[in-house]
Amino acid sequence: MRDAVTTLIKNYDSTGRYLDRNAVDSLRSYFNSGSVRVKAAAVINANAAAIVKEAGSALFAEQPELIQPGGNAYTTRRYATCLRDMDYYLRYATYALVAGDVDVLNERVLEGLRETYNSLGVPIGPTVRGIQIMKEIVRDRVAAAGIEETSVVEQPFDYMCRQLSEVNI
């Protein structure tokens with residue numbers, strides 16, 4: 001797992017270059033947003049269970065077929081699995097937020113997830129929608145905590161949604 005600094009240095013080192021203006025600007029942005037990222041992570045950590053519960057309720061209200069007989073979250077075990085997965089996405093989004101880099105999402109969440117879900121018959125669309133709902137809840141809670149710059153918070157969630165979304169060919 002890398003952060004924005006180690007990723008940047010690795011990229012420049014692999015090409016044998018010194019840090020240029022773009023690299024310095026990236027580092028400046030990373031460090032300037034550091035306190036916002038850490039404060040946002042603290043809000044998420046303090047409210048993680050409530051965020052997952054609220055997102056799950058909103059998802060199942062929007063898509064009630066998921067919890068009806070034959071739905072992917074029908075039965076207590078499947079429902080609990082869905083909430084467990086949402087908690088997993090929230091936790092890793094928080095790691096990526098603090099690191100300022102999505103590498104951890106690729107390594108620990110996204111690699112092979114689509115294939116696993118497809119093989120198990122888990123629909124990707126509701127998964128993406130659940131992540132979007134969590135993003136909205138997190139953004140609102142972070143803003144309510146007095147943190148004005150919420151776009152930083154959205155980045156890991158948006159990245160997961162883009163990577164999991166179906167691609168039209």
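The values are calculated or read from the model by the stated rules, or taken from the named source; none is laboratory data. Predicted model only: the values in this text are computed from it and were never measured. Just so you know, the surface numbers come from the protein's heavy atoms only, side chains and all, with ligands and any DNA or RNA stripped out. Shrake-Rupley method; radii C 1.70, N 1.55, O 1.52, S 1.80 Å.
The Kirkwood radius of the chain, taken over pairs of alpha-carbon atoms, gives through the Stokes-Einstein law at 37 °C and 0.692 mPa s a diffusion coefficient of 191 µm² s⁻¹.
Roughly to the nearest percent, how much of the accessible area of the stretch 10-81 is carbon and sulfur, given a 1.4 Å probe?
On the way: 2560 of 4770 Å².
Whole-percent figure for carbon plus sulfur exposure: 54.
Would you mind getting the accessible area per residue of the stretch 34-164, heavy atoms of the protein chains only, 1.4 Å probe, in Å²? Walk me through the numbers before you get to the answer.
On the way: 6480 Å² over 131 residues.
In whole numbers, the stretch 34-164 has 49 Å² accessible per residue.
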